[in-house]
1. Stretched out fully, how many nm does the piece from Thr270 to Arg205 gain, at 0.36 nm a residue minus the Cα gap?
2. Please work out how much length the chain gains when fully extended from Gln74 to Ile48, using 0.36 nm per residue of separation minus the C-alpha to C-alpha distance, in nm with one decimal.
3. Could you order the peptides 162-169, 77-84, 191-198, 253-260 from most to least packed, using the average number of other C-beta atoms within 10 Å per residue?
4. Calculate how many DSSP beta bridges within the chain are antiparallel, expressed in % of all such bridges and rounded to the nearest 5.
5. Indicate, rounded to the nearest 5 percent, the antiparallel portion of the DSSP beta bridges found entirely in region 193-339.
6. Measure off 7 Å from each Cα along the Cα-to-Cβ vector at Asp134 and Ala152, then give the distance between these two points in nanometres to one decimal.
7. How big is the charge dipole of region 17-204 about its Cα centre, in debye rounded to the nearest 20, if each Lys and Arg gets +1 on its Cβ and each Asp and Glu gets -1 on its Cβ?
8. Set Lys and Arg Cβ to +1 and Asp and Glu Cβ to -1, take the dipole of the chain about its Cα centre, and tell me which of Tyr148, Ala168, Ser337 lies farthest positive.
Amino acid sequence: MPADSKSPSLVRDLVTLQGQILAQQARHPEATGTLSWLLSALSISAKIIASHVRRARLEDVLGAVGSSNVQGEQQQKLDVIANEVLLRTLGRREGVAIIASEENEEPMILRTEKDGKARYCVLFDPLDGSSNLDVCGAVGTIFSILRYDRRAAHAEDSLLQPGSSQVAAGYILYGPSTVFTFTIGNGVDMFVLDPAIGAFVHVERELRIPASGKSYSVNEGNRLGFPAGYQAYLDFAQNNGYSSRYAGAMVADVHRTLLKGGVFLYPPTTKAPAGKLRLMYEANPMAMLVEQAGGKALAGPGQRILDERPTNIHQRTPVIIGSPDEVDLVIQHLQASGA
Ligand code: AHM
Ligand code: MG
């Protein structure tokens, strides 16, 4: 029976993550397929981590391991599991030269032969927002891919590139659905895992963030420790009908901001004067995604996150990220207060 607009169809026009990656690769005849292979490793890792997250209570892997990570923060059992999954899955791909994880003090230098096939460094936060796990809240994985610089004097120096050099970046949100969002620098694509067929299905092509949105996302419990400009912005937002939305997991908060508009903030505080979030594992990849979707990502007035020059792979940065009009409003308040 010919399909018409009224008859419901059981067979959707499915584009999977794998299909989309191969289609993008085909548009670049010079491509070797190495990046596609990495993205496919990330998608397999995402499916494995999603299944652990879903079964966490049943597998008795909730709670802390009792150790701290390099940031001095309590590691959850699932932080360790997600880290292992990514290290193993990516570590086997011969295109990967170096892996750096928020959970490991030192990067893993895997393959650095000058004439070898290794071309990329992969950095990730394996399970962002993991303190949400115990209460069945959303968590995520964030990744950033940099080109491996064979000319660097020390292999690790290859990692210390500004975010503007990222080749690809993305996140996986483990929520009511598992969502895979990424960019290779030509727009943002979004996929949702269809558990019935075990594949990520394309749901958004060239996603655009709304130009504005009356919603701010920040841990207001820290408000008294924020610089005056942030407090002035919050006064402005509250006097102008804004909603407050904060999941406590950057992936969930940035995901909502990308779809609905608004601004996500992690300001400097008196306790953490450089902010809490990590430049290379969290801020850079999210900044690339949001800019690719038409948004803005700054650390302060005139400080584009993607232009920050890292000196340490674990360094932190303040984050003001979201709809362009809303980021501008925050910056105006920071400038007015002399911040
Ligand atoms: P994590 O990587 O240790 O999970 O910490 C990062 C998380 C972000 O996902 C979230 O935005 C922020 O920390 C929440 O911090 P806070 O509890 O201070 O609001
Ligand atoms: Mg994190």
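1. Residue separation times 0.36 nm, minus the Cα-Cα distance, leaves 19.3 nm.
2. 7.1 nm
3. The most tightly packed comes first, giving 253-260, 77-84, 162-169, 191-198.
4. 85
5. Antiparallel bridges: around 75 percent, rounded to the nearest 5.
6. Going by the 7 Å Cα→Cβ label model, 3.7 nm.
7. 640
8. Sorting the options by dipole projection puts first Ala168.
The values are calculated or read from the model by the stated rules, or taken from the named source; none is laboratory data. Since this is a predicted model, take the numbers as computed values, not measurements. Ideal geometry is used to build each Cβ from the backbone, glycine not excepted, and the neighbour counts take in all protein chains shown. The area values use the complete protein model at the heavy-atom level, side chains included, leaving out ligands, DNA and RNA. Shrake-Rupley method; radii C 1.70, N 1.55, O 1.52, S 1.80 Å.
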